[in-house]
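J.: The following block contains the structure, expressed as structure tokens.
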Amino acid sequence: MRIEILYLAGCPNHHPAVTRVADILRQETVSADLVEIEVQDAATAQQVEFLGSPSIRIDGRDVEISARSSRAFGFGCRTYLDEGGRAGVPPETWIRAAVQEAKQ
């Protein structure tokens, strides 16, 4: 399993996203290659199909199911709808579900 965390330099949600993913991997007793990818400019954002910082992909699939078909690539921050509010890191349930999906 390969997990990519794409982020912008200085993103305040980059490290919390890494921590959340690592915690879930430990809880699920799953081994994975965890790769952090800094997106440095708008051209790279388009090239890597970056949906905003931070983005988490497991085996190439975004943890936010509804975003998997999105073409709204850009160089900026990303928020996630979590229990009716906005959060800077995807909910644990989404990450855990994506890990389970990749294990199948």
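The values are calculated or read from the model by the stated rules, or taken from the named source; none is laboratory data. The model shown is predicted, which means the values in this text are computed figures rather than measured ones. No Cβ is skipped: glycine too gets one built from the backbone with ideal geometry, and neighbour counts run over all protein chains shown. The protein model used for the area step is the full one, side chains on, heavy atoms only, and it has no ligands, DNA or RNA in it. Shrake-Rupley method; radii C 1.70, N 1.55, O 1.52, S 1.80 Å.
J.: Residues being open to solvent by 70 Å² or more (accessible area, probe 1.4 Å), within 21 Å of L25 (Cβ to Cβ) and over 14 Å from the mean Cα position of the chain (by Cα): count how many of those fall in the range 53-90.
T.: Adding up the residues that qualify gives 0.
J.: If you don't mind, another one. Consider T44 against the criteria (1) polar (S, T, N, Q); (2) within 18 Å of E101 (Cβ to Cβ); (3) open to solvent by 30 Å² or more (accessible area, probe 1.4 Å): it satisfies all of them except one. Which criterion is unmet?
T.: (2)
J.: If you don't mind, there's one more thing I want to ask. Starting from the range 4-33, take each residue that is more than 9 Å from S53 (Cα to Cα) and list its partners that are open to solvent by 50 Å² or more (accessible area, probe 1.4 Å) and in a helix (DSSP H, G or I), counting only C-beta distances under 6 angstrom and pairs at least six apart or across chains.
T.: Matching pairs, first to second residue: I24/R96.
J.: Taking the range 65-90 as the region of interest, how many residues are assigned to a loop (DSSP other than H, G, I, E, B), touching a Lys or Arg at 6+ places or on another chain (Cβ under 9 Å) and not polar (S, T, N, Q)?
T.: Quick first cut of the range 65-90, residues assigned to a loop (DSSP other than H, G, I, E, B) only: 68-76, 78-79, 83-84, 88-90.
Subsequent filtering for residues that are touching a Lys or Arg at 6+ places or on another chain (Cβ under 9 Å) retains 68, 79, 88-90.
Retained after the next criterion (residues that are not polar (S, T, N, Q)): 68, 88-90.
Selection size over the range 65-90: 4.
J.: Check off (1) over 13 Å from I3 (Cα atoms); (2) open to solvent by 70 Å² or more (accessible area, probe 1.4 Å) for S31 and give me the number that stays unchecked.
T.: All conditions pass for S31, except number (1).
J.: Across the range 1-50, which residue is farthest from F75 (Cα to Cα) among those that are of a type in the set (G, A, S) and part of a helix (DSSP H, G or I)? Before the answer, list the steps.
T.: As a first pass, look at the range 1-50 and keep what is of a type in the set (G, A, S): 9-10, 17, 22, 31-32, 42-43, 45.
Those left that are additionally part of a helix (DSSP H, G or I): 17, 22, 42-43, 45.
Values: A17: 18, A22: 25, A42: 5, A43: 8, A45: 6 Å.
Among those residues, the one meeting the criterion is A22.
J.: List the pairs whose first member sits in the range 80-104 and is touching a residue at least 24 places away in the same chain (Cβ under 8 Å), whose second member is assigned to a loop (DSSP other than H, G, I, E, B) and among the hydroxyl-bearing types (S, T, Y), and whose Cβ atoms are under 7 Å apart, counting only residues at least 6 apart or on separate chains?
T.: G88/T79
J.: Could you check the range 5-20 and list, in sequence order, the residues that are out of contact with any helix residue (DSSP H, G or I) (no Cβ under 6 Å at 6 or more places or on another chain) and either loosely packed, with under 15 Cβ neighbours inside 10 Å or closer than 12 Å to V89 by Cβ (or both)? Don't jump to the end; show me each part of the working.
T.: Taking the range 5-20 and keeping what is out of contact with any helix residue (DSSP H, G or I) (no Cβ under 6 Å at 6 or more places or on another chain), we get 6, 8-20.
Matches in the range 5-20: A9, G10, C11, P12, N13, H14, H15, P16, A17, V18, T19, R20.
J.: On to the next question. Name every residue in the range 91-104 that is among the charged types (D, E, K, R) and either surrounded by 14 or more Cβ atoms within 10 Å (Cβ to Cβ) or not in a helix (DSSP H, G or I) (or both), in order of residue number. Before you say what the answer is, go through the steps one by one.
T.: The initial filter retains those residues of the range 91-104 that are among the charged types (D, E, K, R), namely 92, 96, 101, 103.
Scanning the range 91-104 gives E92, R96.
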